[in-house]
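Structure, as C-alpha cells:
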Amino acid sequence: MTQTNQVELRPVEPSDLPVFFEHQRDPVAVHMAAFTAREPSNRAAFDAFWARILAEDAVLIRTILFQGRVAGSILKYEDEGHPEVSYWLGREFWGKGIATWALQLFLQQFTSRPVYARAAKDNLPSLRVLEKCGFTITGESAGFANARGCETPELLLILK
C-alpha cells in the first residue's frame, strides 16, 4: 500500500465494487466524464466490465482511499498498443487534491513512459490534474460520448 496526504492506493477488493458502481451512477459525474458506460445504472454490465478488467494482465488497477474510505479507482490499460491512464472519483471527494495525489502515487508505481491520457475538452478539473502531474496536451480528437449522447471533443495528453 502506498500513502501520501491521507491518500492511499491498494489493489481492488470485491467490497470496493459497490462503491465504484454508485460513483458511476452519479449523473453529474457521468456528464463530466462524458466517455462512460452506455448504461451506467446497469449492474450486470458493470459487473461484467469489472470482471473483465480485473482479469486482464495488461491492466494495472488500484482503489483510491482517502482517510480510509474508498474514494475511487485509477488504472493503466492498453489503447492501440499504448499505455493510458484513467481515474474516477466519487463526487464527494472532488476538489480536495485527491485525484492529483492518487495519480502521482500511481505514476510512481507505473514508471513506463511515455504514458497517455485523455479527457473531455470541457472537463477542466481532470485536465488540471493531468497537467499538475506532468502531462502535456498533444492534440485534440472527438468521439461519441455515451453520457452526452453526442460527439464530444476531447484532449489527448502525454507524459514523457
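Regarding region 42-49, can at least one residue be identified that is open to solvent by less than 80 Å² (accessible area, probe 1.4 Å) and closer than 18 Å to R118 by Cα?
No, region 42-49 contains no residue that is open to solvent by less than 80 Å² (accessible area, probe 1.4 Å) and closer than 18 Å to R118 by Cα.
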Requested in this report: State the number of residues belonging to region 74-103 that are of a type outside the set (A, V, I, L, M) and more than 13 Å from V115 (Cβ to Cβ).
Outcome: 12
Query - Members of region 105-142 that are modelled with pLDDT under 95 and either aliphatic (A, V, I, L, M) or within 19 Å of G81 (Cα to Cα) (or both) - result: F110, T111, S112
Query raised in the report: Are any residues in region 101-160 more than 23 Å from I64 (Cβ to Cβ), aliphatic (A, V, I, L, M) and open to solvent by 60 Å² or more (accessible area, probe 1.4 Å), and if so, which ones?
Result: I137
Report task. Filter the helices (runs of 4 or more DSSP H) completely within region 1-104 down to those with at least 3 residues that are without any contact (Cβ under 8 Å) to a residue 12 or more places away in the chain. Result -> 43-55
Query raised in the report: Only one of these conditions is not met by T63: (1) open to solvent by less than 20 Å² (accessible area, probe 1.4 Å); (2) under 19 Å from Y116 (Cα atoms); (3) among the polar types (S, T, N, Q). Which number is it?
Result: (2)
Query raised in the report: Which one is surrounded by the fewest Cβ atoms within 10 Å (Cβ to Cβ) among residues in region 72-100 that are farther than 18 Å from Q24 by Cα and among the acidic types (D, E)?
Result: E80
Query raised in the report: When you look at A33, is it under 21 Å from E84 (Cα atoms) and open to solvent by 40 Å² or more (accessible area, probe 1.4 Å), yes or no?
Result: no
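The values are calculated or read from the model by the stated rules, or taken from the named source; none is laboratory data. On a predicted model such as this, the values are computed, not experimentally measured, just so you know. Please note: Cβ atoms are built from the backbone with ideal geometry, for glycine as well, and neighbour counts cover all protein chains shown. Just so you know, the surface numbers come from the protein's heavy atoms only, side chains and all, with ligands and any DNA or RNA stripped out. Shrake-Rupley method; radii C 1.70, N 1.55, O 1.52, S 1.80 Å.
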